[in-house]
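Data block below; observations after.
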Amino acid sequence: DAFSFVESAGTWSPNSDRFAFPVFSEGKNMLTIVDLSDEKTTTIGIPGVPYFSNPSWSPDGRYIVVSGMKEGQGDLYLFDMKDMTVAQLTNDWYSDIQPKWSNDATHIVFISDRPARGRPYNAQGLQICFFNVEEKNVRVLDTFSGAGNFNPVFSPDDQSIYFLSNRDGYRNLYSLDLPSGAI
């Protein structure tokens, strides 16, 4: 019935033959997948996640991670496209949005209002965070604390993160070198 093109982008499958994006159908948040090889469209729900946005397809094509909202809490959820099951990756009162996979599928970078270690909570501050897929833990990067950092993506070699930040009052594009921490 509708889709939110401003609030949530879609995601390409690893070999670019399918495109998935969130829609609303009969009042429910659903995931629509368009198969470009035969122009077939499939619309499915993500079990147990009534609202979700910003899907990101895993490099192996099996999973889609989303920012989901359940009972007023915004967390990351992993949807297994093969088994049609869902795993909650984060579970706390912080808001977790805009997840993106690393190219080697070992990490998911996302934005959260959780503070970096030793920093006080600041509702306006949105930090770049990493979810380690194997260890299932979150690490917060202390990047422009208090600023609104958005839309993180890994570089092709997974050694940098590109992101937007309004740290100086204007939204600009930045590159964060992960090994050195240099911006």
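Every number in this text was worked out from the coordinates using simple rules, so none of it is lab data. All figures in this text were calculated on a predicted structure; none of them were measured in a lab. Cβ: placed from backbone, ideal geometry, glycine included. Neighbour counts: every protein chain shown.
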If the label point sits 7 Å along Cα→Cβ of ALA9, residues of region 19-49 with amide N under 15 Å come out as 19-22
Dividing the alpha-carbon radius of gyration of the chain by 2.2 N^0.38 Å, where N counts its residues, gives 1.02
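Suppose R0 equals 25 Å. What FRET efficiency, 1/(1 + (r/R0)^6) with r the Cβ-Cβ distance, do LEU36 and THR106 give to the nearest 0.05? Intermediate values should be presented prior to the final figure.
Details: r = 28 Å, r/R0 = 1.12.
E between LEU36 and THR106, to the nearest 0.05, is 0.35.
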Of the candidates PRO47, ILE33, PRO120, the farthest towards the positive dipole end of region 1-141 (Lys/Arg Cβ +1, Asp/Glu Cβ -1, centred on the Cα centre) is PRO120
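How large is the direction-averaged shadow of the alpha-carbon convex hull of region 93-135, in nm²? Walk me through the numbers before you get to the answer.
On the way: hull surface 13.8 nm².
The Cα convex hull of region 93-135, projected and averaged over all directions, gives 3.4 nm².
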Two pseudo-spin positions, 7 Å from Cα along C-beta at ARG139 and at ARG119, lie apart in nanometres by 1.6
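Could you give the semi-axes, largest first, of the ellipsoid that matches region 38-128, computed as the square roots of 5 times the alpha carbon gyration tensor eigenvalues and rounded to whole Å? Mind dumping the intermediate values first?
Values: eigenvalues 135, 47, 22 Å².
Output for region 38-128: semi-axes of 26, 15, 11 Å.
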Expected unfolding gain across ILE44-SER16 under the 0.36 nm per residue rule, minus the alpha-carbon gap, is 8.1 nm
Between PHE24 and LEU173, Cβ-based FRET efficiency (R0 45 Å, step 0.05) works out to 0.90
Taking a crude spin-label model, label points 7 Å out from Cα along the C-beta direction, the TYR162 to ARG62 distance in nm is 2.9
Gyration tensor on Cα atoms of region 94-183, a ≥ b ≥ c root eigenvalues, a/c under 1.5 rounded, else prolate if a/b beats b/c, else oblate, says oblate
Looking only at lysines whose Cα falls under 22 Å of LYS136's and that sit 8 or more positions away or on another chain, we get LYS70, LYS82, LYS100
